[in-house]
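Trainee: The structure is given below, and queries will be raised subsequently.
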Amino acid sequence: MLNISEIQTIKHDVIVIGAGGAGLRAAIECSAQGLNTGIVCKSLLGKAHTVMAEGGLAAAMGNVNPHDNWKIHFRDTMRGGKFLNQWRMAELHAKEAPARVRELEEWGAVFDRTKDGLINQRNFGGHRYPRLVHVGDRTGLELIRTLQDHGIHQGIEVHMECTALDLLKDGDRVAGVVAYWRETGRFVIFQAKAVILATGGACKAWSINSNSWEYTGDGLAMAYRAGGELMDVEFVQFHPTGMVWPPSVRGTLVTEAVRGDGGILLNNKGKRFMFGYIPEKFAPETADTEEEANRWLKGDTSARRPPELLTRDVVARAIKKEVEEGRGSPHGGVFLDIANRLPADRIKKQLPSMYHQFKELAGLDITKEPMEVGPTAHYWMGGIRVDSDTQETRVPGLFACGECAAGLHGANRLGGNSLSDLVVFGRRAGLGAKAYISKLSNTPKTDAGQIQSIVKGATDILNRESGKNPYLIHEDLQNTMQKYVGILRIEEELQTGLVELERLKKDTASVKAHGTSQFNPGWSEAIDLRNLLICAEAVNRAALERQESRGGHSRLDYPGERDEGLTFNVIISKGNDGMNVRKEPRKDPPKELASMAYATLEALEGRHGS
Amino acid sequence: MAPKRKFRVWRGQGTEGRFEEYEVAVDPGMVVLDVLHRIQAERVNDLAVRWNCKAGKCGSCAMEINGKPKLSCMTRMDTFKGNEPITIQPMKTFDVIKDLVTDVRWNYEQNKRIPNLKPKPRDPDGHYRMAQKSIDRIQEFRKCIECFLCQDVCHVLRDQDKKDKFVGPRFMHRLANLEMHPLDTVDRIPAIRRDFGSGMCNITKCCSEVCPESIAITDNAIIPLKERVVSRYYDPVLWILRKIFGPKKTKSCGCSK
Ligand SMILES: Cc1cc2nc3c(=O)[nH]c(=O)nc-3n(C[C@H](O)[C@H](O)[C@H](O)COP(=O)(O)OP(=O)(O)OC[C@H]3O[C@@H](n4cnc5c(N)ncnc54)[C@H](O)[C@@H]3O)c2cc1C
Ligand code: SF4
Ligand code: SF4
Ligand code: FES
């Protein structure tokens, strides 16, 4: 039997799990509040998903169009989320994002500038005005490096290449977390009064995705096992434009900034097909001729926006339809053309990493030829259910922020609203943890039995004589989700998916990793599979529960939004024997916010003085 | 069937190790990282390799391929002509942890030694104003994905092992970024000479050549820093004037203010 006293123990007031934008911002706040703070991450510092974000960070600063303000950002976010967002979160996010951007600038971020020397802002899908603060198409790198360079001087202890396995509890409240060092495979116990999860999403469950190996939903699964709730997980964002060729990069993201900067989508007949897919609700604000769309691009404020910039769910479904009806490109996507829209030097300046990515990986020059693109699993709108102001979960002392938390985006996320989410709610999670710890009368204790069973669960994978190959189970899972729980869903397939997931659970229970525990990716893969399976099952069950089509969730057997769909959020929690699924009734929004969300633009811009 | 190709991959822990040979089917469009993943999934589940983005954005997958420091996710298989075996090994400048994974912690320690930006006050309306052209050159440095390939090739670190005397090209351009930042108020010049070792670099430009982000590290960061060091110690008056009136009053450095 394992001797607990031999396991390394590290004590902090608060431990942050995840060092993307959300985790780093949370840790910085904790430290600023005087807490002894530790942060753990699976990879090296600075390599989290946030580094890959391209297009920008949404904040209504009004630098490019002075009509912009937080109310319009709030309205766009609610409309983009098909009104299923948590009202208060959407409000806080829109109000606080500009201050968080200014703070980043003080910490060293160098955003692209306007002619007047202010922070420049670009157009993006679903955002009424140019709103995305950016640096070319590498905004995530700027964000994470800024937080990293600032954070390392704030007395935060960074534990990198260290993977959290499961949370520890003292009664109801959280008491810490057990993790292992990737380098040695040794275990470590982090004792803490509060834990902040900032572990990102779980799109590694689909075969075509834009995510890295880290995105296995560890935080979601840890919170679930510890008694937390998952919310809105039926809403997975399939980004409309992933690379489709060559096979080895299938799914790799092509930023929406290509369309924001004028790129258009064409089918194999050369037709700009998005004009045929404008939803009624957006018709009044969308151009209906190419001529008008082009005028808008040139800055004509009387023109309406091009249909390529409709929300991502709409564009992804349109692409899927074009391909299915035989109007796709040679490798099963559609064409995205920027070559005929912008001069080569501007493409290279505004979209350098896209230029580079296609040149190096697909042997294609985007200043000369159109790209081939198709939908790719990209982002989790749903996640751990949290309090809108403090980010606390149902488990006392457990907080969540960033992509692993739910609420801000509702049924669909607008591009750029994630990076702003990270800094707004990362900070709030830090404040929440501080408030919680201040009220704590004694330090929670860790429990030897819990530690033992967590460690055993991980070492069993190495110690058993034989078992299935973790990589092959993962591939199997990805194909299952792609096939049965993809962009377009239907009861029958979802049911088949559930049966398949049961089979995969059995496989995973006897998974075997070869080799020792030292820097062993096969072992990590096997450990992460357990989390990914929980996430996959949660999506599947939530997708069955929501019998309508809304945002990122489309049911072929229940087309269109239904009024009833607006009255609840789907909540998943751990029951005594399996997953519990229930509908949580939504509360009425505060009157002021509701009228704002449904107001006309003119009213919010204050042009009519109302 | 996709054509097969031979690979010699370094396997081992710490100072112990050897090349193992693998024959792998190579599909169109594959990069070296795909080959390693294929070996991992089908043959050696525990082959240690770092990666994250698979698109040249995170800098995790640096290694030496046929002796050249490269990002394995951006090295396409069709760039190798003939059918000689392809040799894949870890970065030489850093100690091996296992297989292709090296201990790069030293780099993180260097960054921690560098004082961050301390900006001057905002304009009265709450904004900072900087002309795009005054930040173009620091944005070049900020493209860095911290792959540490430049650190790997720099002979001061690689052959002379002077990690205690020189922070290396990656952190020289981090220093240049801060020194050239139009809002910055910290003076790092004495430390650049004394603690960070600007004098150790003898401008061989190997670092610039391997940088996957094409950052002109030597020309645009290190040489200007060396010039600043020289002019400071040569002409302190010039320096004081620069700090009081801003760089524009002295030699043009492209700043807006
Ligand atoms: C290619 C791409 C482009 C994007 N572009 C944009 C954009 O332009 N604008 C925008 O707003 N959004 C964009 N997004 C979305 C956005 O980047 C992400 O949603 C966001 O960065 C998530 O940040 P995070 O801090 O929540 O998590 P991440 O940055 O993913 O960080 C997660 C952290 O948790 C750690 N972690 C996970 N599990 C564990 C564990 N078990 N133990 C220890 N640590 C763990 C990881 O190591 C990592 O450090 C993009 C996403 C992708 C993939
Ligand atoms: S130019 Fe200087 S920093 Fe770059 S490799 Fe040569 S010696 Fe090293
Ligand atoms: S400067 Fe270039 S080579 Fe050096 S770490 Fe940065 S990206 Fe890599
Ligand atoms: S995996 Fe990110 S740069 Fe290669």
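Trainee: Once you place label points 7 Å from the Cα toward the Cβ at B:Arg113 and B:Val230, how far apart are they in nm?
Mentor: That separation, rounded to one decimal, is 2.4 nm.
Trainee: Loop-only trypsin sites (Lys or Arg not before Pro) in the range A:279-339, please: DSSP not H, G, I, E or B, and at most 13 other Cβ atoms within 10 Å. Walk me through the numbers before you get to the answer.
Mentor: On the way: sites: A:Lys281, A:Arg295, A:Lys298, A:Arg304, A:Arg312, A:Arg317, A:Lys320, A:Lys321, A:Arg327; in loops: A:Lys298, A:Arg304, A:Arg327.
Listed in order of number, the matching sites are A:Lys298.
Trainee: Taking all pairs of distinct Cα atoms, average 1/r, flip it, and tell me the Kirkwood hydrodynamic radius of chain A in Å to one decimal place.
Mentor: Values: mean 1/r = 0.0410 Å⁻¹.
Its Kirkwood hydrodynamic radius stands at 24.4 Å.
Trainee: For chain A, what's the relative contact order in percent, using C-alpha pairs closer than 8 Å and at least 6 residues apart?
Mentor: Relative contact order comes out at 21 percent.
Trainee: In addition: Treat every Asp and Glu Cβ in the range A:91-191 as -1 and every Lys and Arg Cβ as +1, leave all other atoms uncharged, and give the resulting dipole magnitude about the Cα centre to the nearest 20 debye.
Mentor: 380
Trainee: Round to a whole angstrom and tell me the spacing of the C-alpha centers of the range A:56-74 and the range B:44-67.
Mentor: 39
Trainee: A further question follows. Quick check: convex hull of the Cα atoms in the range B:168-221, volume per residue, rounded to a whole Å³? Walk me through the numbers before you get to the answer.
Mentor: Working: hull volume 3.9 nm³, N = 54.
Expressed per residue, the convex hull around the Cα atoms of the range B:168-221 is 73 Å³.
Trainee: Continuing with the same structure: Set the bar at 26 Å for Cα to Cα. Now go through A:Lys445/A:Lys512; A:Lys349/B:Lys92; A:Lys281/A:Lys321; A:Lys42/B:Lys6; A:Lys47/B:Lys4; A:Lys445/A:Lys468 and name every pair that lies beyond it.
Mentor: Over 26 Å Cα-Cα: A:Lys445/A:Lys512; A:Lys349/B:Lys92; A:Lys42/B:Lys6; A:Lys47/B:Lys4; A:Lys445/A:Lys468.
Trainee: Within the range B:1-78, list the trypsin sites (Lys or Arg not before Pro) lying in a DSSP loop whose Cβ has at most 14 other Cβ atoms in a 10 Å radius. Could the numbers behind the result be given before it?
Mentor: Values: sites: B:Lys4, B:Arg5, B:Lys6, B:Arg8, B:Arg11, B:Arg18, B:Arg38, B:Arg43, B:Arg50, B:Lys54, B:Lys57, B:Lys70, B:Arg76; in loops: B:Arg43, B:Arg50, B:Lys54, B:Lys57.
Sites meeting the loop and neighbour criteria: B:Arg43.
Trainee: Roughly how many debye, to the nearest 20, is the charge dipole of the range A:332-438 about its Cα centre, given +1 on each Lys and Arg Cβ, -1 on each Asp and Glu Cβ, and no other charges?
Mentor: 260
Trainee: Still on this structure: Roughly what angle does helix B:169-179 make with the longest principal axis of chain B, taking Cα atoms, 0 to 90 degrees, to the nearest 10?
Mentor: 30
Trainee: Tell me, what is the Rg over Rh of the range B:4-102, with Rh the Kirkwood radius over Cα pairs?
Mentor: With Rh from the inverse mean 1/r over Cα pairs, Rg/Rh is 0.92.
Trainee: Indicate the gyration tensor shape class of the range A:240-377 (rounded, prolate or oblate), computed on the Cα atoms with a ≥ b ≥ c the square roots of the eigenvalues: a/c under 1.5 is rounded; otherwise a/b larger than b/c is prolate and the rest oblate.
Mentor: oblate
Trainee: Then there is this: Assuming R0 = 51 Å, can you tell me the calculated FRET efficiency for the pair B:Glu23 and A:Asp577, based on Cβ-Cβ distance, to the nearest 0.05?
Mentor: Step by step, r from the Cβ atoms, then E = 0.60.
Trainee: Where does helix B:132-142 land angle-wise versus the long Cα axis of chain B, in degrees 0 to 90, nearest 10?
Mentor: Approximately 40 degrees, to the nearest 10.
Trainee: While we're looking at this one, here's another question. Not counting ligands, DNA or RNA, and with a 1.4 Å probe, what is A:Ser5's accessible surface area in Å² rounded to the nearest 10?
Mentor: Estimated to the nearest 10 Å², A:Ser5 gives 100 Å².
Trainee: Okay, moving on. Calculate the FRET efficiency for B:Glu84 and B:Asp187 from the Cβ-Cβ distance with a Förster distance of 41 Å, rounded to the nearest 0.05.
Mentor: My answer for the efficiency is 0.20.
Trainee: Tell me, which longest segment in chain A has none of the GluC sites (Glu not before Pro) that fall in DSSP loops with at most 14 further Cβ atoms within 10 Å?
Mentor: That gives A:1-324 as the longest site-free run.
Trainee: Put A:Arg122, B:Arg194 in order of accessible area, largest first, 1.4 Å probe: what do you get?
Mentor: B:Arg194, A:Arg122
Trainee: Quick one: compute the contact order of the range A:486-610, relative version, from alpha carbon pairs under 8 angstrom and 6+ residues apart, as a percent.
Mentor: Computed over the range A:486-610, the figure is 21 percent.
Trainee: Using the charge dipole of the range A:539-610 (Lys, Arg: +1 at Cβ; Asp, Glu: -1 at Cβ; taken about the Cα centre), state which of A:Ile571, A:Pro589, A:Gly552 has its Cα farthest towards the positive end.
Mentor: A:Ile571
Trainee: Go through B:Cys58, B:Cys206 and list them by solvent-accessible area, largest first, probe radius 1.4 Å.
Mentor: Most to least solvent-accessible, the answer reads B:Cys206, B:Cys58.
Trainee: Nearest 20 debye, what's the magnitude of the dipole of the protein assembly as shown about its Cα centre given +1 on Lys and Arg Cβ and -1 on Asp and Glu Cβ? Walk me through the intermediate numbers first.
Mentor: Working: 124 positive and 111 negative charges, 441 e Å.
Computed charge dipole of the protein assembly as shown: roughly 2120 debye.
Trainee: What Kirkwood hydrodynamic radius, in Å, does the range A:467-591 give when the mean of 1/r is taken over all pairs of distinct Cα atoms and then inverted?
Mentor: Numbers: mean 1/r = 0.0617 Å⁻¹.
Over the range A:467-591, the inverse of the mean reciprocal pair distance is 16.2 Å.
Trainee: Would you work out which of A:Gly56, A:Ile534, A:Thr508 lies farthest towards the positive end of the dipole of chain A, given +1 charges on the beta-carbon of Lys and Arg and -1 on that of Asp and Glu, about the Cα centre?
Mentor: The Cα lying farthest towards the positive end belongs to A:Gly56.
Trainee: Between B and A, buried accessible area summed over both sides at probe 1.4 Å, in Å² to the nearest 100?
Mentor: Buried area (both sides, nearest 100 Å²): 5100 Å².
Trainee: Place +1 on the Cβ of every Lys and Arg and -1 on the Cβ of every Asp and Glu in the protein assembly as shown, take the dipole about the Cα centre, and give the residue among A:Ala599, B:Asn116, B:Ile189 whose Cα lies farthest towards its positive end.
Mentor: Result: B:Ile189.
Trainee: Could you work out [θ]222 nm for chain B from helices alone, using -39500 (n - 2.57) per DSSP H run of at least four and dividing by all its residues? Round to the nearest 500 deg cm²/dmol.
Mentor: Here the helix-only value at 222 nm equals -9000 deg cm²/dmol.
Trainee: For the Cα atoms of chain B, what angle does the longest principal axis make with the long axis of helix B:236-245, in degrees from 0 to 90, nearest 10?
Mentor: For B:236-245 against chain B, the angle is about 80 degrees.
Trainee: Between the range B:178-236 and the range A:476-499, how many Å separate their Cα centres?
Mentor: Here the answer is 55 Å between Cα centres.
Trainee: Starting from the range A:446-525, pick out the chymotrypsin sites (Phe, Trp or Tyr not before Pro) whose DSSP state is loop and whose Cβ has at most 16 other Cβ atoms within 10 Å.
Mentor: none
The values are calculated or read from the model by the stated rules, or taken from the named source; none is laboratory data. What you see is a predicted model; the values in this text were computed from it and never measured. Cβ atoms come from the backbone with ideal geometry, glycine included; neighbour counts cover every protein chain shown. Note: areas computed on protein heavy atoms with side chains; ligands, DNA, RNA excluded. Shrake-Rupley method; radii C 1.70, N 1.55, O 1.52, S 1.80 Å.
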